[in-house]
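Right, one structure below, let's go through it.
Please treat every number below as a calculation from the coordinates, not as lab data. Only a predicted model underlies this, so the values are computations on that prediction, with no experimental measurement involved.
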Amino acid sequence: MTAEPGVRVGQDSDASVVARSWDEPEAFAVLFDRHADSVYRYAARRLGAEAAEDVMAETFTTAFQVRFRYDTALASARPWLFGITTNLIGRHKRAEARRLKALGQLPSSPPGDQADGTLADRVVDRVSAQAVSCELARALSRLPARHRDVLLLVAWADLGYEEVARALGVPVGTVRSRLHRARRKVREALGGSDPTTLREESDDE
């Protein structure tokens, strides 16, 4: 038996926690305990640590306020939470663009120099050299926001296509189309490589 991310085998599903919070508001804290770290990491990669604190807090405040509208047929709340987070990040588009542009202008380090603290060299924790990372940051900065959202929800939040579709409120076909275009642009910018190592769903052919 495999539990959803952030949920141990035998624990109540996220949906059960949300439903319980309708009558017991304090139960919602369980959802925070399960997913706050991953929401924070996602926001920090996109906006930086300082802004990520605010985005994470607002994500769960918003989720709590609208919890009565949650579809309890959906066991995992991750797409819902990351959808809220992405909407909040959308209010900081200029800040994200400036961050990516600044990272893209950093001097390159020799291959093998795994300097911590930069956005691009931590993409899915699989980027191998800062020289490539700077180019990746530039490539990400040039993507339309709607394409970047899809790419990073898959690569950084580890959501599948259907989960991204739920998070953004768009059809799965739209997710596939935007992801395909984003990946093509990244590969073109990086000379054919794809350091994001995106998750592929077995049912998404």
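Inter-part distance, the range 81-102 to the range 136-162, computed on C-alpha centroids, equals 11 Å.
Counted residue by residue at 0.36 nm each, then reduced by the alpha carbon distance between them, the extension gain from Arg91 to Val172 reaches 26.8 nm.
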